[in-house]
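S.K.: Pasting a structure here, questions to come.
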Amino acid sequence: MDKATWTTHNVDQTARALLERDSRVYIHQSGSTPCLSAIRHAHGVWLEDVSGHRYMDFHGNSCHHLGYGHPRLIAAVKRQLDELPFTPRRFTDEPAVVLAERLAALWPGAPGKVLLTTGGSDAVEVALKLARAATGRYKTLSFLDSYHGSGFGAISVGGRDQDRSPRLGPLLPGALHVPPFYRRPADDTTIPVDAESWAKASLEAIEQAFARERDIAAVIAEPIRSTPHIPAAWFWPRIRALCDEHGTALIFDEIATGLGKTGRLFVSEHLDVVPDITVLGKSLGGGVLPIAAVIANPAFDVAPQLRLGHYTHEKNPVTSRAALATLQVIEEEELVKHAAHAGARALARLQDMASRQPLVRGVRGRGLLMAVELTRACAESVMFRALDKGLSLSATEGRHLTLSPPLVIAEHEMGQALDILEHALDEEKADSG
Ligand SMILES: Cc1ncc(COP(=O)(O)O)c(C=O)c1O
């Protein structure tokens, strides 16, 4: 199914009118505007659009760990709005201090030191600045086709075509790229090379870069790629050792994958590696407010004379309260453990589906971050079929479907979603013969 067919089935007059106004007033950009439909209600794992269609959200921009509208989060934010709605710079406030203390203590390299920003892209800028300030160097090493946000720093270290173009002029100097530990869409998909071999090739490229350039400030990467791609267990310890040997900072971008999605609070807890800097965002604001965080080894607190992340909402009590309430709900409702167990059960069901479904080449996952790899590049069509039946997931890299449900998902909801996926795959196979 393509977008036009889906639109004909699903976008009624009310939605169309809003989409047209949206498209007239917003500056168009890849992946954002024009939009598919308009949402009027979100609750738990469900989205409802203005035409009355309901979708289980297995995408959620990775912001919906708590599901939508978690009552404890909403109540905490409302209370905070009444108590203290804003704190101008030069002052601090209790929610911002308690949040930073909490993040600093939870971080695997605890105790860390913290800066808060309004969004993930800003947090990546801060992390890159910290690495430059601490090392006195400017070069970075990152993965081709990675995504770290929309700022100039982030698109310099990120490598996707939609994000960077000669039209934007020069980006940051010294941004070096190497192949990641997984197969990219541009790589030949007909060659059956296992994950171990991709990781070895990536390590080799990184070793060569370190041998060639002796002054790399930082390696920045998603430790588990959010689509997801999961590295071999030996991969990150080797990179950590190289960084230590060369005085290079290791920055883990856990903006999309952190806070329990993979079945551990921090992704680095799976990897036997402590980074120098971790960047969190997205779900930190509970799917309600924008807030991101940079947590760093105190050795990176070396530039008090610089405005490293002098952002207006740096110590906003309301966004801080949302983040604190989010952390509290994750802890008290044991959502990390739930993500690990629910993810393992879902992956077993996907593996069973793969054994029966000729369109599926394989499945992979960690916690509630899962992917289905298809035998041909029809992921977008399957995505629209699933959307048509009430499941929103993402299609990436032509052949991959990413499933990223909220941490609060109930077993019956997961079952319902996987039934829809199976139905969409069956339909795709039947239609394509
Ligand atoms: C891995 C990763 N890093 C950084 C960002 C940027 O975060 P934001 O959109 O909040 O600026 C994103 C957003 O999708 C992301 O997925």
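The values are calculated or read from the model by the stated rules, or taken from the named source; none is laboratory data. As the structure is a computational prediction, the values presented were derived from the model and not from experiment. Neighbour counts are summed over all protein chains in view; Cβ atoms, including those assigned to glycine, are modelled from backbone coordinates with ideal geometry. We work out accessible area using only protein heavy atoms, side chains counted, and drop any ligands, DNA or RNA first. Shrake-Rupley method; radii C 1.70, N 1.55, O 1.52, S 1.80 Å.
S.K.: Where does the range 218-261 land on Rg/Rh, using Cα atoms and the Kirkwood Rh?
M.R.: When Rh is taken as the Kirkwood radius, the ratio is 1.00.
S.K.: Per 10 Å bin, what percent of the C-alpha pairs of the range 76-119 does each bin hold, from zero upward?
M.R.: 23, 48, 26, 3
S.K.: Right, next: Out of every Cα-Cα pair in the chain, what percent are more than 39 Å apart?
M.R.: The proportion of pairs with Cα distances above 39 Å equals 18 percent.
S.K.: Given a 1.4 angstrom probe, what's the average accessible area per residue across the chain, in square angstrom?
M.R.: 44 Å²
S.K.: Further question on the same structure: Can you check what the net charge comes to around THR33, using other residues whose Cβ is under 11 Å from the Cβ of THR33 (Lys, Arg +1; Asp, Glu -1)?
M.R.: For residues surrounding THR33, the net value is 0.
S.K.: Something else now. Just the ratio, please: alpha-carbon radius of gyration of the range 142-192 over 2.2 N^0.38 Å, N its number of residues.
M.R.: Working it through for the range 142-192, the quotient is 1.23.
S.K.: Would the range 308-363 count as rounded, prolate or oblate if I go by the C-alpha gyration tensor, calling it rounded below 1.5 in a/c and otherwise prolate when a/b exceeds b/c, oblate otherwise?
M.R.: oblate
S.K.: Right, another one. Computing the accessible area with a 1.4 Å probe over protein heavy atoms, can you report the carbon and sulfur percentage for the range 266-385?
M.R.: Accessible surface attributable to carbon and sulfur in the range 266-385 totals 50 percent.
S.K.: With the radius of gyration and the Kirkwood radius both derived from the Cα set of the range 267-347, what is their ratio Rg to Rh?
M.R.: With Rg and the Kirkwood Rh in hand, the quotient comes to 1.04.
S.K.: Based only on Cα atoms, what mean projected area does the convex hull of the range 1-102 have, in nm²?
M.R.: Computing the convex hull of the Cα atoms and averaging its projections yields 9.8 nm².
S.K.: Quick check on the range 282-432: take the gyration tensor over C-alpha atoms, sort the square-rooted eigenvalues as a ≥ b ≥ c, and tell me if it's rounded (a/c under 1.5), prolate or oblate.
M.R.: Taking the square roots of the gyration eigenvalues as a ≥ b ≥ c, the range 282-432 is prolate.
S.K.: A follow-up question, please. Note the per residue figure in Å³ for the convex hull of the C-alpha positions in the range 87-184.
M.R.: In the range 87-184, the Cα hull volume divided by residue count equals 151 Å³.
S.K.: Semi-axes of the equivalent ellipsoid of the range 128-262: what are they in whole Å, largest first, if each equals the square root of 5 times a C-alpha gyration tensor eigenvalue?
M.R.: So the three semi-axes of the range 128-262 are 22, 19, 15 Å.
S.K.: Sticking with this structure for a sec: Using a 1.4 Å probe over the heavy atoms of the protein chains, calculate the carbon and sulfur portion of the accessible area of the range 72-156 as a whole percent.
M.R.: 57 percent
S.K.: Same structure, new question: Can you count the Lys pairs in the chain with C-alpha separation below 24 Å, eight or more apart or on different chains?
M.R.: Value for the chain: 18.
S.K.: In deg cm²/dmol and to the nearest 500, what is the mean residue ellipticity at 222 nm of the chain if only DSSP H runs of at least 4 residues count, each as -39500 (n - 2.57), divided by the residue total?
M.R.: One gets -12500 deg cm²/dmol as the mean residue ellipticity at 222 nm.
S.K.: Would you tally the net charge around VAL77, using a Cβ to Cβ cut-off of less than 14 Å, leaving VAL77 out, and scoring K and R as +1, D and E as -1?
M.R.: Around VAL77, the surrounding residues sum to +2.
S.K.: Same structure again: How large is log10 I(q)/I(0) at q = 0.17, 0.21, 0.26 Å⁻¹ when the Debye formula is applied to the Cα atoms of the range 360-433, each weighted equally and without solvent?
M.R.: -0.59, -0.90, -1.34
S.K.: Name the shape class, rounded, prolate or oblate, that the alpha-carbon gyration tensor gives for the range 201-354, where a ≥ b ≥ c are the square roots of its eigenvalues, rounded holds for a/c under 1.5, and otherwise prolate holds if a/b is larger than b/c and oblate otherwise.
M.R.: It comes out oblate by the Cα gyration axes.
S.K.: Sorted from largest down, what three extents in whole angstroms do the Cα atoms of the range 153-225 have along their principal axes?
M.R.: Largest to smallest, the principal-axis extents are 38, 30, 20 Å.
S.K.: Hey, another quick one. Using the Cβ atoms and a cut-off under 12 Å, what net charge is assigned to the surroundings of SER197, where Lys and Arg are +1 and Asp and Glu are -1?
M.R.: Overall, the nearby charge balance is -2.
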